[in-house]
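Inspection log for the structure reproduced underneath, given as structure tokens.
Taken together, the values in this text are just the output of simple stated rules run on the coordinates, not laboratory data. None of these values were measured; they are calculated from a predicted model. Glycine also receives a Cβ, built like all others from the backbone with ideal geometry; neighbour counts cover every protein chain displayed.
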Amino acid sequence: MPVELTAFNGVLGLVLTSAVLIAVPGPSIMFLVGQTIAVGRRNALRGVIGNAIGTYCVAVIVAMGIGTLLMRSDHVLIFIRLLGAVVLLGIGFQYLLFSRPMLAGGKSTPRKSQQSLVAGIIVGATNPKALIMFGSIVPSFMGDGADRPIVYLLVFSLIPIGLGLVIDAAWVAAAHVASSSTLFSGKRLRLFNIIGGGLMISMATLLAAEALH
């Protein structure tokens, strides 16, 4: 089979497999939906960017050969995931207890914007899907005979990163449409803020449970 066709099949297979894995609701999507409901679409989109940054950090670590160490070291994984869970739990409680209702298109404070970006990085870096994606799925579609495996892995890792940006942004848009309806204003929007904080707390709980399990 020609090298070009083999490479094309590898990219196509990676696109399809990554799309399925990313689209299935998990920690990242739950976090982003919670952000959209609690602090608005703009902050949630910053969370999308942060999630991509954190996820690609995992790709870089795996590409540099540290991924094997992390996947075999339960103590390191437990520490990283529990740290992320604690931070997200605190942010979730802050939204749940102290956030004010935000009208659709309302202005977001720099603090909330920064929180969304940082929280997104934490979610991406501690998402168990990232290790699965870059530790096994991406390398399996790289093909044989890669003379520079680290470079190839980093380049191929951009495919699920790009897909993740598109799919996550679509989830944010869908959540925004639901939360920005005229039916959800005032006290009802406050209810959605509570739901958003609850979703983030749930995500943190799932992350901690995954680490302890």
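Among 131-141, 45-55, sorting by the average number of other beta carbon atoms lying within 10 angstrom of each residue, highest first, gives 45-55, 131-141. A simple spin-label model places the labels of ILE132 and VAL155 2.8 nm from each other, with each point 7 Å out along Cα-to-Cβ.
Each peptide among 29-41, 152-164, 117-129 gets the average number of other Cβ atoms lying within 10 Å of its residues, and from highest to lowest they stand as 29-41, 117-129, 152-164.
Placing a pseudo-label 7 Å from each Cα along the Cα-to-Cβ vector at VAL60 and GLN94 gives an inter-label distance of 2.4 nm. Residues in the range 42-48 carry Karplus couplings, in order, of 4, 5, 5, 5, 5, x, 4 Hz; the curve used is 6.51 cos²θ - 1.76 cosθ + 1.60 with θ = phi - 60°, and Gly or Pro positions show x.
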